[in-house]
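Enquirer: The structure that follows is given in the form of structure tokens.
The values are calculated or read from the model by the stated rules, or taken from the named source; none is laboratory data. This structure is a prediction, so every number in the text was calculated from the model and none was measured. With ideal geometry, Cβ positions are generated from the backbone for all residues, glycine too; neighbour counts draw on all protein chains shown.
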Amino acid sequence: MSDSFARATGRGLEDDAGANQRRYKAYQLELLRPHLGSSVLEVGAGLGEFASQLSDLQRHVVTDADPAAVASMAARFATSPEVEARVLDLSRPVEGGELVEAVLAINVLEHIEDDGEALRRMASLVQPGGRVVIWVPGYMQLYGEFDRAVGHVRRYTPTTLRAAFERAGLRPVEIRPVNLLGGLAWWLMVRRGGVGGQRPRLVRTYDRFVVPATRFLERRVTPPFGQSVLGIATVPD
């Protein structure tokens, strides 16, 4: 699906926006890494910015629906023998192959109308007893022009993500909001401020000041609301 990366993110293949989010990516890694095991297939890996942090895996399959993004990741990880880059489009039946311990999808599911079927296709790539790990935008109260521009069908709550897992025949293990302060900042900037997208200067400021405060707070308490929702489910034996 050519150009799907740009449509889904509002970024070009040469856009180094990830450089403005180093603390945020590290925060995601802290929350996600304990659930991934030693072999991972990442759906919608984009340019491989999150994947580049996972340097301790035995096998890592990075995928995207956009062949140009996959080619970019193949070049990026050319010296990492454990990494394989390939095209994967969840709108179509997925091919088989060696199963992994976990499938990871960061900011993917919200683009797909039939999220239950997408989760079933992810689960078909996972060993029995393995995990499907999902990170999605949270709460329709935060839905704004940016969501529409990049093709978000919905934003999730823990309840709606649990329902999607159950429709797919998966067993929810942990589902919770994350990034309370980011959610409040997003509401002020996008919903109240009318900003149609992420501005590099604001992203840098958020990464420098808000993310460390968020990590400190959410290591101690689970927030009742957040910019995102984290969900982990297991594939039945």
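Enquirer: Scan the stretch 55-67 and tell me whether some residue there is surrounded by fewer than 21 Cβ atoms within 10 Å (Cβ to Cβ) and either among the β-branched types (Val, Ile, Thr) or under 30 Å from Leu202 (Cβ atoms) (or both).
Expert: Filtering the stretch 55-67 down to residues surrounded by fewer than 21 Cβ atoms within 10 Å (Cβ to Cβ) leaves 55-59, 67.
Okay, now just the ones that are also either among the β-branched types (Val, Ile, Thr) or under 30 Å from Leu202 (Cβ atoms) (or both), so 55.
Yes, the stretch 55-67 contains at least one residue that is surrounded by fewer than 21 Cβ atoms within 10 Å (Cβ to Cβ) and either among the β-branched types (Val, Ile, Thr) or under 30 Å from Leu202 (Cβ atoms) (or both).
Enquirer: Still on this structure, please answer the following. In the stretch 5-17, which residues are surrounded by 17 or more Cβ atoms within 10 Å (Cβ to Cβ) and either at pLDDT 95 or above or in contact with a helix residue (DSSP H, G or I) (Cβ under 8 Å, 6 or more places away or on another chain) (or both)?
Expert: Keep residues of the stretch 5-17 that are surrounded by 17 or more Cβ atoms within 10 Å (Cβ to Cβ), which gives 5, 8-9, 11.
Phe5, Ala8, Arg11 - these are the residues of the stretch 5-17 that are surrounded by 17 or more Cβ atoms within 10 Å (Cβ to Cβ) and either at pLDDT 95 or above or in contact with a helix residue (DSSP H, G or I) (Cβ under 8 Å, 6 or more places away or on another chain) (or both).
Enquirer: Please work out if Leu230 is more than 28 Å from Leu41 (Cβ to Cβ), touching a residue at least 24 places away in the same chain (Cβ under 8 Å) and within 19 Å of the chain's Cα centre (by Cα).
Expert: Judged against the criteria, Leu230 is not a match.
Enquirer: Something else: Got a number for residues in the stretch 130-168 being in contact (Cβ under 8 Å) with a residue 40 or more places away in the chain, part of a helix (DSSP H, G or I) and either closer than 17 Å to Gly183 by Cα or in contact with a Phe, Trp or Tyr (Cβ under 7 Å, 6 or more places away or on another chain) (or both)?
Expert: Selection size over the stretch 130-168: 5.
Enquirer: Hey, can you tell me all the residues within the stretch 95-149 that are buried (at least 16 other Cβ atoms within 10 Å of the Cβ) and more than 17 Å from Val43 (Cα to Cα)?
Expert: Gly138, Tyr139, Leu142, Tyr143, Gly144, Phe146, Asp147
Enquirer: Could you please find all residues in the stretch 164-188 being over 21 Å from Phe216 (Cβ atoms), surrounded by fewer than 17 Cβ atoms within 10 Å (Cβ to Cβ) and within 18 Å of the chain's Cα centre (by Cα)?
Expert: If the condition is that a residue be over 21 Å from Phe216 (Cβ atoms), surrounded by fewer than 17 Cβ atoms within 10 Å (Cβ to Cβ) and within 18 Å of the chain's Cα centre (by Cα), then Val173 is the only one that fits.
Enquirer: Here is a follow-up. List, please: which pairs have Cβ atoms under 7 Å, are six or more places apart or on different chains, and start with a residue in the stretch 45-68 that is touching a residue at least 24 places away in the same chain (Cβ under 8 Å) and closer than 17 Å to Val126 by Cα and end with one that is among the hydroxyl-bearing types (Ser, Thr, Tyr) and surrounded by fewer than 23 Cβ atoms within 10 Å (Cβ to Cβ)?
Expert: Partner pairs satisfying both residue conditions: Leu57/Ser38; Leu57/Ser39; Gln58/Ser38; Gln58/Ser39; Arg59/Ser39.
Enquirer: Another question, then. The conditions are (1) surrounded by fewer than 14 Cβ atoms within 10 Å (Cβ to Cβ); (2) modelled with pLDDT of 90 or more; (3) among the charged types (D, E, K, R), and Arg192 fails exactly one of them. Which is it?
Expert: (2)
Enquirer: Which of (1) under 21 Å from Arg23 (Cβ atoms); (2) not in a loop (DSSP other than H, G, I, E, B) is the odd one out, the single condition Ala233 does not satisfy?
Expert: Among (1) under 21 Å from Arg23 (Cβ atoms); (2) not in a loop (DSSP other than H, G, I, E, B), the lone unmet condition for Ala233 is (1).
Enquirer: Of all residues in the stretch 120-166 being farther than 12 Å from Glu110 by Cβ and among the small types (Gly, Ala, Ser), which is modelled with the lowest pLDDT?
Expert: Gly144
Enquirer: So, one more: Of all the residues that make up the stretch 41-61, how many are within 16 Å of Gly97 (Cβ to Cβ) and among the acidic types (Asp, Glu)?
Expert: The qualifying residues number 1.
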